[in-house]
Structure formats: structure tokens, C-alpha cells
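Asker: Below you will find the structure I want to go over with you.
The values are calculated or read from the model by the stated rules, or taken from the named source; none is laboratory data. Quick caveat, the model's predicted, so the values are computed rather than measured. Don't worry about glycine lacking a Cβ; one is built from the backbone with ideal geometry, like all the others, and counts go over all protein chains shown.
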Amino acid sequence: MTVPVLIRSGLIGATVAAAIVGTAGFSDIGLGAALVGETHRILVNDSSGADLDGLKSGYRRPAFIPFPRENPYTLAKAALGKKLYFDPRLSASSTRSCTSCHSPGFGWGDGQTLGIGPGMKKLDRRTPTIVNSAWGAIFMWDGRAPSLERQALGPIEGANEMNMPVAQLMKRLDSIAEYRTLFASAFPEAGMSPATLAAALATYERTIVSEQSPFDAWIGGDENAIPEAAKRGFAIFNTKGRCSSCHEGWNFTNDGFHDIGLRSADVGRAALLPDIPKMMHAFKTPGLREIERRGPYMHDGSIATLEGVVEHYDRGGVDRPSRSDLIGPLGLGAEEKSDLVAFLKALTGSLNSTTMPALPR
């Protein structure tokens, strides 16, 4: 059974309809590529007469935020999750919070080439955004977290991130009277535990949703919402550019894993699936919403601009056995590349400010 809930959140600026995923669940969202790196390839004729109206329908914003039936939305749970998200006491040093790496000011990333750990130590990979995580089927660049709840605990305990053993964290939170009250309100039966900590964080993170973008206004019928270059770029994105082979749906990702030919020693998904040759150097396909705010790009932050990203895909990257069959030289002209960048920029909306919550004492 699907139950509609209305959320009013300062994060997404307006009243947003949210739905609890009941008997369906994530298997019905069409993200079957997540586990083995297959993809839903969209075959569209490369001619300029492609049916743009038909293509647009595949990218319309959903009416509801999906919440899994095992962790349904409640206002109390989301409010608790927001306080936890911004609280540096979740780290061993009490100086690093979730927002230290996933900041609303940087499109819910950190704006750095590589993530930064304690003592300003550079990490091996770039910090991914958490925007639109509600629609994710698998998490982390290499897919090692099968749910947002599992992902939420990973950085807390990670030695190179927040470095806080969860058992020690639970003792710290239990010593704060207001947190005891908030957990009792959000989880009247389960109370405070690592599982409810993860559930609260994941619930809040699922409310972090992209704002309406110029692209959304265009597919909604406003022909003046984006420039002609962006409209041409949308056609290229779905045809000659092959972008939609992996960047599909409203969030522009199928959550699949691919080696896109970057010069990187990082084995990526192969660390978890060593027997699948195509998973060597394969990383999760990121969504493209708010992309202009989220540079630098790629799992290693190796490309500084959207223009550079388009150039990489046009060249086809390093040709090696693990490189995705979808990656190869495209033969794009200068105007086509410029049009693609114009389209990508049209996916960025006007993010509303996010208020810092008062933290429990």
C-alpha cells in the first residue's frame, strides 16, 4: 500500500509530496543495472528529426519521494536525522559532521578534487553528492553500500572519515538528554540504537531533492526556459552523444557501473566483483542534477570543467579490455560539444538555503 505524506522542508523550499514505498520497493524503479554493470541502452535514431517530445517524457520529475517500507517517512524521524547530520559530535574528534563533506553550499558535496579526512589528509576518491539519494539503488562509488541506511553508518566508523566506533557513539548520544527524547519520539518502540541512528540519517537525506531546473520548466511546456543550444544539446545527449545509455531517467543515472577510460589505478567495483572483467576500473554512474555546482568531476576529481568532461567522452578515454562497450570516440563537432554543455547547465536549479538546526545539549 502506498501512503502519501506531505513534507514541508526548508531544504527543498516548497511543500513536496512524499510516498512510502509499500508493496513495490526499489525493484520497480528500473535500476537493475546496479549490481553487475549492465545498462538500459536507449536506441534513438541519430537524425535531427528525433522525437524530442517522446524523449522528454522519460525525464519528468516524479511526484513523490520514495521511502522504503522498512523505513517509512515521519516528521519526527526526519527532524532527528537533520540534527544528527549537522552534529560534529558524530565524529571521534567532535569536529566533523556529515556536512563537512556533504555540504549544501557545494551541491551536497565538498567542492574538492578528493575528499578530505582528519588532519587534512586527502582521500583516494572524490566526495559524491547525496542529492536525490532517495532514488538510489546502491551507494558509494564502488557500490559497497546496498542501502542508504548502510551508507549512513560507513563514514561515521571510517578511520579516514569520522573515525567514530558506533558503540562509542551510542554512549555519547545517550548521554545527551535531548537526544534521548528525540529518539524516543521518532522510534517509540525501538528507541536509540545504531539501526535507528542510520534510519534517521537516511530519512533526512532522502528529503534532499533537486529544485526545479530550467530543463524541468522546458519539458513542462515553457519553450523559453532554456536556450536553443541546450535544446540541441538534449537531442545530442540522447543520440550521437550516447549519454542517455547510462544517464537515464529524471535523475540522469541508472546506478550502473562502468569503466569510462580514465587513467586511474583505482580498481573500483572490481574490488567487490573481481570475477567480472568489465568491473575493473568501473565506478557508479552519477546523477547529473545540480551538475554545474558539483565540480570537479569523476570519481577522482580529475576533470575540472563540464567542457573537459565532454572532451573526455568525445575522445573515448583509455582503450583497454575493461572499458565499457558504450565508451568510444564520438566524433562530436565544436558546436555539438558546446550544445551538450549548455544542456548540462540547464539541469541546475536554484537551491534554497538550508538552515542549520539547533543541536541537542
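Asker: Would you pick out the residues in the range 181-195 that are surrounded by 13 or more Cβ atoms within 10 Å (Cβ to Cβ) and either farther than 15 Å from Ala78 by Cα or touching a Lys or Arg at 6+ places or on another chain (Cβ under 8 Å) (or both)?
Answerer: Leu182, Ala186, Phe187, Met192, Ser193, Pro194
Asker: Which of the residues spanning the range 163-190 are among the aliphatic types (A, V, I, L, M), touching a helix residue (DSSP H, G or I) at 6+ places or on another chain (Cβ under 9 Å) and closer than 21 Å to Ala358 by Cβ?
Answerer: Within the range 163-190, Leu169, Leu173, Ile176, Leu182, Ala186 qualify.
Asker: Could you check the range 312-361 and list, in sequence order, the residues that are among the small types (Gly, Ala, Ser) and in contact with a His (Cβ under 9 Å, 6 or more places away or on another chain)?
Answerer: Ser322, Ser324
Asker: Continuing with the same structure: If Ser264 satisfies every condition in (1) in contact with an Asp or Glu (Cβ under 7 Å, 6 or more places away or on another chain); (2) closer than 22 Å to Arg293 by Cα but one, which is the exception?
Answerer: For Ser264, the failing item is (2).
Asker: Here is a further query. Does the range 202-212 contain any residue that is modelled with pLDDT of 95 or more, over 13 Å from the mean Cα position of the chain (by Cα) and more than 19 Å from Lys284 (Cβ to Cβ)?
Answerer: Within the range 202-212 (the criterion being modelled with pLDDT of 95 or more, over 13 Å from the mean Cα position of the chain (by Cα) and more than 19 Å from Lys284 (Cβ to Cβ)), the answer is yes, since at least one residue qualifies.
Asker: List every residue pair whose Cβ atoms lie under 9 Å apart, where the two residues are 6 or more positions apart in sequence or sit on different chains, the first residue falls within the range 197-222 and is hydrophobic (A, V, I, L, M, F, W, C) and assigned to a helix (DSSP H, G or I), and the second residue, located anywhere, is surrounded by 24 or more Cβ atoms within 10 Å (Cβ to Cβ) and at pLDDT below 95.
Answerer: Leu197/Ala152; Ala198/Ala152; Ala199/Ala152; Ala200/Ala152; Leu201/Ala152; Ala202/Ala152
Asker: Separate question: For the range 258-278, enumerate the residues that are crowded, with 20+ Cβ neighbours inside 10 Å and either in contact with a strand residue (DSSP E or B) (Cβ under 6 Å, 6 or more places away or on another chain) or polar (S, T, N, Q) (or both).
Answerer: His258, Asp259, Gly261, Gly268, Arg269
Asker: Further question on the same structure: Which of the following residues is touching a residue at least 40 places away in the same chain (Cβ under 8 Å), outside the structural domain of Pro286 (by TED's automatic domain parsing) and not hydrophobic (A, V, I, L, M, F, W, C): Ser94, Ser133?
Answerer: Just a single option satisfies the conditions, and that option is Ser133.
Asker: Are any residues in the range 137-148 at negative phi and touching a strand residue (DSSP E or B) at 6+ places or on another chain (Cβ under 9 Å), and if so, which ones?
Answerer: Residues satisfying the conditions are Ile138, Phe139, Trp141, Asp142, Ala145, Pro146, Ser147, Leu148.
Asker: Right, next: More than 30 Å from Ser57 (Cα to Cα) and free of Cβ contacts under 8 Å to residues at least 40 places away in the same chain, is that true of Glu178?
Answerer: no
Asker: Moving on. Arg150 is checked against (1) under 21 Å from Gly295 (Cα atoms); (2) of a type in the set (Lys, Arg); (3) in a helix (DSSP H, G or I) and fails just one. What number does that condition carry?
Answerer: (1)
Asker: If you scan the range 310-361, which residues turn out to be within 18 Å of Ala235 (Cβ to Cβ) and among the polar types (S, T, N, Q)?
Answerer: Ser338
Asker: Step by step: first the residues of the range 112-143, then only those that are of a type outside the set (A, V, I, L, M), assigned to a loop (DSSP other than H, G, I, E, B) and in contact with a helix residue (DSSP H, G or I) (Cβ under 8 Å, 6 or more places away or on another chain), then the one that is surrounded by the fewest Cβ atoms within 10 Å (Cβ to Cβ). Which residue is that?
Answerer: Asp142
Asker: Which pairs do you get when a residue that is in a loop (DSSP other than H, G, I, E, B), found in the range 336-361, comes within reach of a residue that is modelled with pLDDT of 95 or more and polar (S, T, N, Q), reach meaning Cβ atoms under 7 angstrom, with the pair 6+ apart or on two chains?
Answerer: These pairs meet every condition: Ala346/Ser213; Leu347/Ser213; Thr348/Ser213; Gly349/Ser213.
Asker: Within the range 256-273, which residues are part of a loop (DSSP other than H, G, I, E, B) and aliphatic (A, V, I, L, M)?
Answerer: Selection gives Ile260, Leu262, Ala265, Val267, Leu272, Leu273.
Asker: If I filter the range 219-251 down to residues being surrounded by 22 or more Cβ atoms within 10 Å (Cβ to Cβ) and aromatic (Phe, Trp, Tyr), which single residue comes out as farthest from Glu311 (Cα to Cα)?
Answerer: Phe234
Asker: Take the residues of the range 57-101 that are among the polar types (S, T, N, Q) and assigned to a loop (DSSP other than H, G, I, E, B): which is nearest to Trp250 (Cα to Cα)?
Answerer: Per the criteria, the residue is Asn71.
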